[in-house]
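The values are calculated or read from the model by the stated rules, or taken from the named source; none is laboratory data. What you see is a predicted model; the values in this text were computed from it and never measured. A quick note on method: Cβ atoms are made from the backbone with ideal geometry, for glycine too, and the neighbour counts reach across all protein chains shown. All accessible areas refer to the heavy atoms of the entire protein, side chains included, with ligands and DNA or RNA removed. Shrake-Rupley method; radii C 1.70, N 1.55, O 1.52, S 1.80 Å.
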Amino acid sequence: AEDGNRSSSSTDDSGLGTIRGIVSKLFSFRRHKDGKKSLLRSAFDTFTDSYYIFVPFLGLAAIIGKNEGWNSITSIYYAMATATTVGWGDVSPSSPQMRLLSLVFIPLAVISLGEVLGRIAGVFIRKNTLQAEREFMSRRMTLDDLEAMDVDKNGEVDQFEFLTFMLGSMQKVEPEMMMDLKDLFERLDVNGSGTIQKEDLVLMAQKKRDPWNLRKNQK
């Protein structure tokens, strides 16, 4: 019975330890041992780095609030309600001058908050993208992958086919772009050596000046 209790308690402890580890990675403001930032720390740093976006936004809100006789909380409430496009209408400028100023403040508030939220969302998206790329790079290659890589269907996968498949699968570049780059490389490789050398540049210059003699020399 004691052994059963011990194993149960050890299982509970390991489960709690796993949960603590996940929470620590997500919400710790300290850097991890490998020097990487936690998810919340990255989002927080992005928010603080965007302070200059809030300066004109909050500055106009303060001007409107001061002229309307609002306190700080009411001014902030009006600013956030406007920026989030909620627009309850319970707090709004009454003087013609401040209503005119609101025509500038309203789009500025929406753009400012949208820009900051977009940057913070970008942090989460980049984290998820990097995690997906690491998992994709570490997985084992299958026969289906090999067949998908073999574009020319010769039974072998060369370096170009491998790179095209990997970059396309990770959504780094479109396969059509890789083919365009391959065509460009082949056009620059005038002598067909498989590499771009000084000789290729000389041949390209000669081809522009006298294409007929160049063709005869190549023959």
**Request:** Could I get the Rg over Rh figure for segment 69-161? Both from C-alpha atoms, Rh via Kirkwood, rounded to two places.
**Result:** 1.45
**Asked** Leaving out ligands, DNA and RNA but keeping every protein chain, what accessible area does Ile125 have, in Å² rounded to the nearest 10, with a 1.4 Å probe?
**Response** 100
**Message:** Suppose the chain between Ala148 and Gln206 were pulled fully straight at 0.36 nm per residue; how much longer would it get relative to their current alpha carbon spacing?
**Reply:** 16.8 nm
**Request:** Using 0.36 nm per residue of separation minus the Cα-Cα distance, give me the extension gain between Met177 and Gln131 in nm, one decimal.
**Result:** 14.1 nm
**Asked** In nm, what is the difference between 0.36 nm times the number of residues separating Phe160 and Ser138 and their Cα-Cα distance?
**Response** 5.9 nm
**Message:** So if I take the centroid of the Cα atoms in segment 134-194 and the same for segment 44-96, what is the distance between those two points in Å?
**Reply:** 52
**Prompt:** With each pseudo-label sitting 7 Å past Cα toward Cβ, what's the Ser95-Asn191 distance in nm, one decimal?
**Reply:** 7.9
**Asked** Suppose R0 equals 30 Å; then what is the FRET efficiency for Ile76 and Phe124 from their Cβ-Cβ distance, rounded to the nearest 0.05?
**Response** 0.70
**Request:** Might you work out the accessible area of Leu101 for me, using a 1.4 Å probe with all protein chains in place, and round it to the nearest 10 Å²?
**Result:** 40
**Formal net charge of residues neighbouring Pro93 (Cβ-Cβ distance under 15 Å; K, R +1; D, E -1)** = 0
**Request:** Could you state how much accessible area Lys182 has, in square angstrom rounded to the nearest 10, with a 1.4 Å probe and all protein chains kept in place?
**Result:** 70
